[in-house]
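Novice: Here it is: the structure, laid out below.
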Amino acid sequence: MSAERSTYLGPRLRRLRRDLGLTQPDLASALEISSSYVSLIESNQRPLTAELLLRLARTYRIDLSEFAGDGGEAFTRRLQDALKNPLFADLDLPRLQSADVATNYPSITEAFLRLHTAYGAEQRALAERRSDVGIDPDDPVAEVRRLLLTRRNHFPIIEDAGQALAVAVDEAGGFEALIKARHRLRVRRLPPEAMMGQIRRHDPHHRSIFLDDSLDIATERFQLAVQLAYLSLHRELDEVEQNIGIAGVNVRRLMRRTLANYAAGAILMPYSPFARMAEERRYDVEALARCFNVSWETAAHRLSTLGRPAQEGVPFSFIRIDAAGNVSKHYDGAGFPVATQGGGCPLWSVHHALRTPGQMIAQWLELPDGQRFLSVARTVTTGGGGHGLPRIERVVALVCTANQASRLIYADPPHEPTPIGITCVLCQRDRCPSRALPPISRQILPDDYHRGRPPLGYADA
């Protein structure tokens, strides 16, 4: 075996050592050489001689033909297959170049292949979701989230109209008085059994707005604000829909509902006084909810809409999640990645906030790429209001980037961040004791030689 050929075995030796769970001193002791010499071999600065190869084979019972043969052939083939993707059709990628990359830069090749595998898995999952019976191929929820993000979840025309309606509500003496005066409708409350599963119903024939009488005060006020938006802001809602360009019936209907809810927040919490008080109270959500007589969730959601130029609030990601990990509301204003289909990182406090109902949980977080965030989570309850009426417990989280966290009361005192991932298959942290699945495209290690604290070990850990 020539020294020239041996120089290509450094990355293979490093991979083998890591697969066996050995340190460089461990391997050096077994091969009867120095640790520094192992380091030189692994970096292709020294050849792996035939004598060392035989010693390696005897000690660890490896197949020399598999280890020292042209093991890069399969690696090269995988890379060349990945490069056939139509994404790269406009690039000149000679086979010889890809073979050189796979042989001489195996770690970079492996990184590329992992990303390509993750991309393929996501595309297949998306195709499966779209082909399922009853699933709208337009994916209306995802499309509405995308549209909100492109507008930074801020709509000036609705803000202005909402603030004007807030003044009118105060001058009229409340929502019911304004609705009666402007729209000649009266508000009536009925027991749940008479509402037949609805909490709010506009009945033009009886000139009435019916409300479920089991609603708490904050929810009742919000529902009246939503109905007032539908009654009074036709032009504004239409204009926003036309400006953002909506395709598909389901997307349009869901967006209309989203904008009406947005308008209700603007009526109940007019922009300028709410933004000013948010800064004064250092984004204390509970204090803001009490000052404006709204629920904790409503106040938290309103904080994610403060995008007015020259009066911007902290950019937040808003997430609402249930006990199974399903995300029912999500706005990503802070760039915080979330597993929207369940299977999120169990180390993020949002997944165990249900153990402490009603308590605020502040947590510093660090993603695998080093980004840091501050998360504030708390349970919220909908339903109830009477014996036997169903109650639904969810968790709402507000997340901001570390460089904005000093504006929040929850950042005091600072503490060490919790290392988390998005989901196990996309997280490369090798020492996580909470891991449920191996990272995508990673090879699971046997435990013949060692067993670590994490439930799974994988190559290159």
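Novice: Around ALA260, under 13 Å between beta carbons, what's the net of Lys plus Arg minus Asp minus Glu among the other residues?
Specialist: Numbers: positive: ARG200, ARG252, ARG253, ARG256, ARG257; negative: GLU236, ASP238, GLU241.
With Lys, Arg at +1 and Asp, Glu at -1, the net is +2.
Novice: Still on this model: Testing the spin-label approximation: label points 7 Å from Cα along Cα→Cβ at ILE157 and ALA111. State their distance in nm.
Specialist: 4.6 nm
Novice: Less than 15 Å Cβ to Cβ from GLY386, Lys/Arg counted +1 and Asp/Glu -1: what total charge do the surrounding residues give?
Specialist: On the way: positive: ARG189, ARG391; negative: GLU193, ASP212, ASP213, ASP216, GLU220.
Every neighbour counted, the sum reads -3.
Novice: For the range 395-461 and the range 191-263, compute the distance between their C-alpha centroids and round to whole Å.
Specialist: Answer, in whole Å: 41.
Novice: So, R0 is 41 Å and r is the distance between the beta-carbons of GLN359 and GLU312; what FRET efficiency does that work out to, to 0.05? Kindly include the intermediate steps, with their values, before the conclusion.
Specialist: Values: r = 29 Å, r/R0 = 0.72.
After rounding, the FRET efficiency stands at 0.90.
Novice: Here's a follow-up. Arranged from highest to lowest average of other beta-carbon atoms within 10 Å per residue, in what order do the peptides 322-331, 303-312 appear?
Specialist: 303-312, 322-331
Novice: Now, a different point. If you line up the long axis of helix 50-60 against the longest principal axis of the chain, both from Cα atoms, how many degrees apart are they, to the nearest 10?
Specialist: Approximately 60 degrees, to the nearest ten.
Novice: Loop-only trypsin sites (Lys or Arg not before Pro) in the range 174-269, please: DSSP not H, G, I, E or B, and at most 16 other Cβ atoms within 10 Å.
Specialist: Values: sites: LYS180, ARG182, ARG184, ARG186, ARG188, ARG189, ARG200, ARG201, ARG207, ARG221, ARG235, ARG252, ARG253, ARG256, ARG257; in loops: ARG184, ARG207.
Answer in residue order: ARG184, ARG207.
Novice: Additional query: As a footprinting exposure proxy, order PHE155, PHE112 by other Cβ within 10 Å, with the fewest listed first.
Specialist: Lowest count first: PHE112, PHE155.
Novice: Then there is this: How much net charge surrounds ARG407 when only other residues with a Cβ under 12 Å from its Cβ are counted (Lys, Arg +1; Asp, Glu -1)?
Specialist: Net charge around ARG407: -3.
Novice: Within the range 390-461, list the chymotrypsin sites (Phe, Trp or Tyr not before Pro) lying in a DSSP loop whose Cβ has at most 16 other Cβ atoms in a 10 Å radius.
Specialist: Those that pass, being in a loop and sparsely packed, are TYR449.
Novice: Extending each Cα 7 Å along its Cβ direction at GLU366 and ARG189, get the distance between those two points in nm, one decimal.
Specialist: About 5.2 nm, to one decimal.
Novice: Nearest 20 debye, what's the magnitude of the dipole of the chain about its Cα centre given +1 on Lys and Arg Cβ and -1 on Asp and Glu Cβ?
Specialist: The dipole magnitude comes to about 740 debye.
Novice: Still on this structure: To the nearest 10 degrees, how steeply does helix 156-172 sit against the main Cα axis of the chain, on a 0 to 90 scale?
Specialist: 30 degrees
Novice: Nearest 500 deg cm²/dmol is fine: what mean residue ellipticity at 222 nm does the chain get from its DSSP H runs of n ≥ 4 alone, each adding -39,500 (n - 2.57), divided by its residue count?
Specialist: After summing the helix terms and dividing by residue count, I get -13500 deg cm²/dmol.
Novice: (1) 22.4; (2) 24.1; (3) 26.5: which one is Kirkwood radius over Cα pairs in Å as calculated from this entry?
Specialist: Among (1) 22.4; (2) 24.1; (3) 26.5, the one derived from this structure is (3).
Novice: Follow-up. Can you give me the distance in nm between label points at THR150 and ASN85, each placed 7 Å from the Cα along the Cα-to-Cβ direction?
Specialist: 2.4 nm
Every read-out reported here was derived from the displayed coordinates using simple, explicitly stated rules and does not represent laboratory data. What you see is a predicted model; the values in this text were computed from it and never measured. Please note: Cβ atoms are built from the backbone with ideal geometry, for glycine as well, and neighbour counts cover all protein chains shown.
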